[in-house]
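Colleague: This is the structure I have questions about; it appears just below.
The values are calculated or read from the model by the stated rules, or taken from the named source; none is laboratory data. Just so it is clear, the structure is predicted and the values come from calculations on it, not from any experiment. A quick note on method: Cβ atoms are made from the backbone with ideal geometry, for glycine too, and the neighbour counts reach across all protein chains shown. Each accessible area value is taken on the protein alone, full model and side chains, heavy atoms only, with ligands, DNA and RNA left out. Shrake-Rupley method; radii C 1.70, N 1.55, O 1.52, S 1.80 Å.
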Amino acid sequence: MRNLLILLCFLITVGAKAQTEVYDTAKRFDPFSTNQHDLHRNFQFKKATDSGMLYFSQYSRVRRTHTAIQDLGDVATPYLNLSYTPATQTGFITGFNPYGDYYFYNKNAKFYQAKLPYTYFYYTQGKAGQSGRGLIGFDAVHTQNIGERFNFSVNYHSTTNEAYFVRNTNVMKNIQTTAYYRTKNQRYLASTIMTWNKTGFNESGGLLQTKENELYFKNLPSNLRFANVELVSARNVNRFRDHQFNHTFWIKGKYSDDTLKTFIPQLGIGHSFNWQKQGNYYTDQLADINSNIYDSASNYNQFYTADSMGFTSIGNSFEIFSPIREKGVSFTAGTRIDRLQYYQGSSATNYHLLKNYNHSIYGQVNFNFLKTFQSEVKGQLYLAGYNQTDYFLHWKNKAGIGKNEQYTVLLEAMSMLAQPTYQQSYMFSNHYYWNNQFKQQGHQTLKVGLSKKNNKPGMYNAYYYVMPNESFNVQFTYSLLSNYIYYGYDAKPAQLNTAENVAQLSVHKHFNLKKFQVHQELVYQTFSSGLKSKIRLPDLLSKTSFYYQSYAFKKATFLQIGMDVNYTTEYNAKFYNPATRNFQLMDKVIGNYPYVDLFVNAEIKTAKIFFKMEHFNQDLGGRNLFPNYFYASPYQPTALRRFRLGVAWKFYY
C-alpha cells in the first residue's frame with residue numbers, strides 16, 4: 001500500500017509540472033480492434049478503445065458491465081446476474097462454471113491493428129482480511145504489430161482477495177492471447193486465440209445456518225463480524241481453457257485498378273480447429289461431513305471428499321463465405337463436428353464417463369442498405385449427436401436515423417431449443433447423485449430498442465471524451481420460456497412443464513451538465529407466476545453514478561469526485577451451494593438496501609488514478625430501516641466499509 005501511494009504522489013507531481021495547455025490522453029491514437037469473424041471477412045478494425053471514465057473506479061469488470069449482481073459479498077466470487085438475460089449458448093454445456101463473465105472467452109477475443117506498440121495496465125489494492133493481505137487486482141493488455149500484416153496481443157487479469165470473513169479467500173487468473181498473419185497478396189489469413197482461466201476458492205458455505213449463530217453474527221460490532229461457517233475445509237479449483245486456430249483463403253477476387261492494388265475479395269473458404277478443456281476439483285474433509293450444505297453424509301467416502309469433473313472437446317468446422325459489404329448481401333455457410341468426452345467421479349473406482357459427438361450446420365446472411373440499415377440472420381442446427389435437434393436462430397436489425405445517424409433503432413428476434421446442461425441431467429459426487437431425463441428447453445425472445453449517441457465535439461477536451469458513448473439507450477424485451485430448469489431447495493434440479501414469460505424494460509440515461517454528470521441505469525422486470533417463485537430475481541434494479549468533474553493544476557489534471565449507488569428491491573434470493581457450484585432455492589429475503597461508494601478519479605496525461613471508499617453507508621440506518629443489509633447472498637455477509645485505490649496507465653513506444 002505504501003509503495004502504491006508513493007507512485008500516485010509521483011504521478012500527481014508530474015502532472016502538476018506538466019505544460020499549462022491541455023494535453024489529454026485522447027491526443028494519443030489508441031489501437032483499433034475487431035472480433036475474429038469480422039477479421040476474416042473484412043480485415044477492418046473499426047472499434048475504438050474506450051476513453052471514457054464512467055465507473056473507472058469499479059475494478060470488478062462484472063459489476064462495471066452489469067446493472068446489478070448477487071455475489072458472495074466480494075469480487076471474483078460466484079455470482080448471478082440479477083437482470084434477466086436470455087440464453088444464447090448452444091452445444092454441450094457442462095454447467096460447472098459459476099464465474100460467468102469474470103472469465104475470458106474466445107467469442108469476446110479482440111484483434112488489434114496497432115501503429116505503435118501499446119500497453120495498458122490497471123492495478124487495484126486495498127486492505128482487508130484477517131491476515132491483512134487484502135485485495136490485489138491487476139489487468140494488463142499489450143498489442144504490437146510487426147509490419148502491417150502480423151499482430152499479437154496479450155490480455156491478462158489476476159485477482160487475489162483475502163476478504164473479511166472466515167474462509168473467503170480466492171485467487172483468480174485469466175490470460176488470453178490473440179495473433180493473426182495476412183499474406184502479402186491479401187488472399188490468406190490465419191489467426192489464433194488461446195485462453196486460460198483458473199480460480200481457487202476456499203469455500204465457507206456462508207454462516208452456520210442456526211438461529212443462534214446468525215443472531216450472534218448480527219449483534220457483533222461491524223469491524224468484528226466473525227462467526228462460525230458451514231464449511232471449514234472445503235475448496236473448489238475451477239479451470240477453463242479454450243484454444244482456436246482459424247484460417248481462410250479467398251478463392252475468388254480481383255485487385256483494384258489504382259496504384260495501391262488493393263485486393264477486393266468475392267468468395268472465400270475457411271477452416272477452424274478448436275480445443276476446449278474444462279475441469280473442477282472439489283475437496284472437503286471429515287469436519288464438514290454433517291454440514292447443512294450436503295444432501296447426504298457421504299455416498300462413497302465418509303472421511304474425505306474429492307469430487308472431480310473433466311471435459312474435453314475437439315472441433316473442426318469448414319465453411320464458404322463472401323465478404324460483408326457496406327451495401328448488398330453477403331453469406332456464410334458451414335458445418336461443424338465436435339468430439340466430446342466428459343468425466344465425473346469421486347474416486348478411481350467411482351466415476352461416470354461419457355463419450356459422444358455433435359454434428360451441426362450453420363449459416364449467416366447479412367443485408368446492408370444505404371450504409372444506414374443492417375440486417376443479420378444467423379442460425380445453427382444440430383443434425384446428430386448429443387445435442388441432436390437443438391437449434392438456434394437469431395435475426396437482428398439496426399437502422400441509423402437522424403443527422404449523422406445519431407439515433408439507432410434496434411429490432412431483434414431469437415428462437416432456440418437446447419438440451420439441459422449436463423450437470424442438470426447427471427450428477428455423480430460424494431454428496432449428490434441424480435440422473436434426470438429432462439426435456440429440451442425452449443426460448444423465444446423479441447427485443448426492440450432506441451439509442452442516441454453522445455455528441456463529442458471536442459476530441460481533445462476531457463469534458464467530452466470521458467463521457468460514455470451513448471446519451472441514452474432504451475430497450476424492451478419479451479421472452480417465452482418452456483421447460484425451465486431450476487435448482488430446488490434440496491439442491492437438485494427440477495423442471496417446469498409449463499410455458500412461462502418474462503417482460504423487461506431497460507433504461508440507460510446519461511445527463512451531461514458539463515461539470516455535473518449523472519448516469520442512471522434502471523431495469524424493471526416482471527415474471528409469470530409460475531416462473532417468479534423459481535427464477536428468484538428482483539423486480540427493480542438501479543445503478544446511479546453522480547459526480548462533479550473539472551480540470552485542476554492548470555489543466556494538467558482532470559478530476560472527478562462523486563458517488564455510485566446500487567439498489568435492488570427486496571426479493572427471495574437463491575443460496576450458493578459450493579458442492580454443486582450452483583444457486584438453489586432458499587426462503588431468505590435480501591435487497592431493499594442502497595450500497596453507496598464514494599470516489600475520486602484523476603487523469604494525468606496517459607495515467608489515471610482513483611481513490612474509493614466502498615460501502616460508505618455501512619451501519620447508517622441500522623437494521624430497523626434496512627433489515628436485509630447484512631447479506632449479499634443468503635448467509636453470505638455483505639462486505640464491510642473499505643478503502644481502495646488504483647492506477648491505470650497507457651504506454652506508447
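Colleague: What whole-number volume per residue, in cubic angstrom, does the convex hull of the C-alpha atoms of the range 39-151 give? Don't skip to the answer; put the middle values down first.
Modeller: Working: hull volume 20.0 nm³, N = 113.
Residue-normalised Cα hull volume stands at 177 Å³.
Colleague: Any idea what diffusion coefficient the range 309-423 gets from Stokes-Einstein, in µm²/s, Kirkwood Rh on alpha carbon pairs, 20 °C, 1.002 mPa s?
Modeller: On the way: Rh = 17.0 Å.
For the chosen part, D equals 126 µm²/s.
Colleague: Using a 1.4 angstrom probe on heavy atoms only, work out the carbon and sulfur share of the accessible area of the range 141-274 in %. List each step's numbers first, then the result.
Modeller: Numbers: 3690 of 6230 Å².
The value for the range 141-274 is 59 percent carbon and sulfur by accessible area.
Colleague: Tabulate in residue order the Karplus-calculated ³J(HN,Hα) for the range 181-187, using 6.51 cos²θ - 1.76 cosθ + 1.60 with θ = phi - 60°, rounded to whole Hz; enter x for Gly and Pro.
Modeller: Per-residue couplings from phi come out as 9, 10, 5, 5, 7, 6, 8 Hz.
Colleague: What accessible area, in Å² to the nearest ten, does a 1.4 Å probe give for I401?
Modeller: That residue has around 80 Å² of solvent-accessible surface.
Colleague: Taking a quarter of the surface of the Cα convex hull of the range 363-423, what do you get in nm²? Could the numbers behind the result be given before it?
Modeller: Numbers: hull surface 22.2 nm².
If I average the Cα hull's projected area over directions, I get 5.5 nm².
Colleague: How big is the charge dipole of the chain about its Cα centre, in debye rounded to the nearest 20, if each Lys and Arg gets +1 on its Cβ and each Asp and Glu gets -1 on its Cβ? Please list the in-between numbers first.
Modeller: On the way: 68 positive and 41 negative charges, 418 e Å.
Its charge dipole is roughly 2000 debye.
Colleague: Please compute the contact order of the chain in relative form: average sequence separation of alpha-carbon pairs under 8 Å and at least six residues apart, divided by the residue count, as a percent. Don't skip to the end; give the middle numbers.
Modeller: Details: 1739 pairs, mean separation 85.7, N = 653.
Relative contact order comes out at 13 percent.
Colleague: I'd like the FRET efficiency for Y463 and S415, computed as 1/(1 + (r/R0)^6) with the beta carbon distance as r and R0 of 45 Å, rounded to 0.05. Mind showing how you got there, number by number?
Modeller: Working: r = 44 Å, r/R0 = 0.99.
Efficiency at R0 = 45 Å is approximately 0.50.
Colleague: Okay, moving on. Among Y357, Q495, A413, whose Cα projects farthest towards the positive end of the dipole of the chain, with charges put on the beta-carbon of Lys, Arg (+1) and Asp, Glu (-1)?
Modeller: With unit charges placed on the Cβ atoms, the residue in question is A413.
Colleague: Still on this structure, please answer the following. Could you give the length gained by full extension between F318 and V589, i.e. 0.36 nm per residue of separation minus their alpha carbon distance, to one decimal place?
Modeller: Working: separation 271, 0.36 × 271 = 97.56 nm, distance 5.04 nm.
So the extension gain works out to 92.5 nm.
Colleague: Another question, then. Within 10 Å, at most 13 other Cβ atoms, and a DSSP state outside H, G, I, E, B define an exposed site. Report the longest part of the chain free of exposed GluC sites (Glu not before Pro).
Modeller: On the way: sites that count: E21, E148, E326.
My reading of the result: 327-653 is the longest stretch.
Colleague: In percent, what relative contact order does the range 235-306 have, based on Cα pairs under 8 Å that are 6 or more apart in sequence?
Modeller: Relative CO of the range 235-306 lands at 34 percent.
Colleague: Applying the Karplus parametrisation 6.51 cos²θ - 1.76 cosθ + 1.60 with θ = phi - 60° to the phi angles of the range 600-612, what ³J(HN,Hα) value in whole Hz is obtained for each residue in order, glycine and proline being reported as x?
Modeller: 10, 10, 9, 10, 10, 6, 9, 10, 10, 10, 9, 10, 9
Colleague: Can you compute the charge dipole magnitude of the range 315-359 about its Cα centre, using +1 on each Lys and Arg Cβ and -1 on each Asp and Glu Cβ, nothing else charged? Give it in debye, rounded to the nearest 20. Don't skip to the answer; put the middle values down first.
Modeller: Details: 5 positive and 3 negative charges, 7 e Å.
Charge dipole of the range 315-359: 40 debye, to the nearest 20.
Colleague: Determine, from the Cβ-Cβ distance of I561 and L540 and an R0 of 22 Å, the FRET efficiency 1/(1 + (r/R0)^6), rounded to the nearest 0.05.
Modeller: Values: r = 28 Å, r/R0 = 1.27.
Efficiency, from the Cβ-Cβ distance: 0.20.
Colleague: If you roll a 1.4 Å probe over the range 467-624 with all protein chains in place, what percent of the accessible area is carbon or sulfur?
Modeller: On the way: 3830 of 6260 Å².
Its accessible area is 61 percent carbon and sulfur atoms.
Colleague: Now for a separate question. Seen from all sides and averaged, what is the projected area of the convex hull of the Cα atoms in the range 187-274, in nm²? Could you put the intermediate results ahead of the total?
Modeller: Values: hull surface 48.7 nm².
Spelled out: convex hull of the Cα atoms, projected over all directions, averaged, 12.2 nm².
Colleague: On a full-extension model of 0.36 nm per residue, what is the gain between Y652 and N292, subtracting their alpha-carbon distance, rounded to one decimal in nm? Display every interim value, and only then the final one.
Modeller: Details: separation 360, 0.36 × 360 = 129.60 nm, distance 5.45 nm.
Length gained between Y652 and N292: 124.2 nm.
Colleague: What number comes out for the charge environment of Y386, summing +1 per Lys or Arg and -1 per Asp or Glu over other residues with Cβ under 14 Å away? All intermediate terms of the calculation are to be shown ahead of the outcome.
Modeller: Details: positive: R336, R339, K355; negative: D338, D390.
Taking every other residue near Y386 into account, the sum is +1.
Colleague: So for the pair F245, N356, with labels modelled 7 Å out along Cα→Cβ, what separation do we get in nm?
Modeller: About 2.8 nm, to one decimal.
Colleague: Separate question: In nm, to one decimal, how far is the T65 label point from the S158 one, both placed 7 Å along Cα→Cβ?
Modeller: With each label placed 7 Å out from Cα toward Cβ, I get 2.2 nm.
Colleague: How far apart, in nm, are two points set 7 Å out from the Cα along the Cα-to-Cβ line at K456 and at T569?
Modeller: 3.6 nm
Colleague: Right, something else. Too long at a 30 Å Cα-Cα cut-off: which of K515/K543; K254/K452; K127/K515?
Modeller: On the way: K515/K543 20 Å; K254/K452 39 Å; K127/K515 32 Å.
From K515/K543; K254/K452; K127/K515, over 30 Å: K254/K452; K127/K515.
Colleague: Tell me, Kirkwood radius of the range 38-82 from alpha-carbon pair distances, in Å?
Modeller: Working: mean 1/r = 0.0760 Å⁻¹.
This gives a value of 13.2 Å.
Colleague: Let me ask you something else. Stokes-Einstein diffusion coefficient for the range 248-290 at 25 °C in a medium of 0.890 mPa s, Rh from the Kirkwood formula over Cα pairs: what value in µm²/s? Intermediate values should be presented prior to the final figure.
Modeller: Details: Rh = 15.9 Å.
Taking Rh from Cα pairs, D becomes 154 µm²/s.
Colleague: Another question, then. Return one quarter of the surface area of the convex hull spanned by the alpha-carbon atoms of the range 201-338, equal to its mean projected area, in nm². All intermediate terms of the calculation are to be shown ahead of the outcome.
Modeller: Working: hull surface 67.8 nm².
For the range 201-338, averaging the hull's shadow over all directions gives 16.9 nm².
Colleague: Further, regarding this structure: Roughly what percent of Cα-Cα pairs across the range 427-569 reach past 18 Å?
Modeller: Details: 7060 of 10153 pairs.
When all Cα pairs of the range 427-569 are counted, 70 percent exceed 18 Å.
Colleague: Which whole-number percentage describes the relative contact order of the range 246-391, with Cα contacts under 8 Å and a sequence gap of 6 or more?
Modeller: Values: 328 pairs, mean separation 25.2, N = 146.
Value for the range 246-391: 17 percent.
Colleague: A further question on this structure: With every protein chain left in place and a probe of 1.4 Å, what is the accessible surface of K439, to the nearest 10 Å²?
Modeller: 120 Å²
Colleague: Here is a follow-up. Nothing charged except the Cβ atoms of Lys and Arg (+1) and of Asp and Glu (-1): what's the magnitude of the dipole of the range 418-573 about its Cα centre? Round to the nearest 20 debye.
Modeller: Numbers: 15 positive and 7 negative charges, 140 e Å.
I would put it at about 680 debye.
Colleague: Let me ask something else. Kindly flag which residue pairs out of K554/K608; K447/K492; K115/K608; K46/K554 have an alpha-carbon separation exceeding 28 Å in this structure. It would help to have the intermediate numbers written out before the result.
Modeller: Details: K554/K608 17 Å; K447/K492 32 Å; K115/K608 23 Å; K46/K554 34 Å.
Check vs 28 Å cut-off fails for K447/K492; K46/K554.
Colleague: Say R0 is 56 Å: what FRET efficiency, to the nearest 0.05, do Y433 and F367 get from their beta-carbon distance? Intermediate results must be reported in sequence, preceding the final value.
Modeller: Working: r = 51 Å, r/R0 = 0.91.
Efficiency at R0 = 56 Å is approximately 0.65.
Colleague: Give me the extension gain from N228 to E214: residue separation times 0.36 nm, minus the current Cα-Cα distance, reported in nm with one decimal.
Modeller: Numbers: separation 14, 0.36 × 14 = 5.04 nm, distance 0.91 nm.
This chain segment gains 4.1 nm when fully extended.
Colleague: Let me ask you something else. Once phi is turned into ³J(HN,Hα) by the Karplus curve 6.51 cos²θ - 1.76 cosθ + 1.60 with θ = phi - 60°, what whole-Hz value does each residue of the range 209-218 show in order, with x for glycine and proline?
Modeller: So the J values, rounded to whole Hz, are 7, 10, 4, 5, 5, 5, 5, 4, 4, 5.
Colleague: Ordering K650, K277, K218 by accessible area with a probe of 1.4 Å, largest first, what comes out? Mind dumping the intermediate values first?
Modeller: Details: K650 15, K277 75, K218 55 Å².
From most accessible down to least: K277, K218, K650.
Colleague: Which of L286, G253, T312 sits farthest toward the positive end of the charge dipole of the range 242-321, with +1 on the Cβ of Lys and Arg and -1 on the Cβ of Asp and Glu?
Modeller: G253
Colleague: P(r) for the range 538-599, please, calculated from all Cα pair distances in 5 Å bins and given in %.
Modeller: 4, 14, 15, 13, 13, 12, 8, 7, 6, 5, 3, 0
Colleague: Rg/Rh for the range 104-165 to two decimals, with Rh computed the Kirkwood way over all alpha-carbon pairs.
Modeller: Using Cα coordinates only, the ratio equals 1.19.
Colleague: Taking the structure as given and computing semi-axes √(5λ) of the Cα gyration tensor in Å, which label from [x] 65, 29, 22; [y] 58, 31, 23; [z] 39, 35, 24 fits?
Modeller: The calculated read-out lines up with [z].
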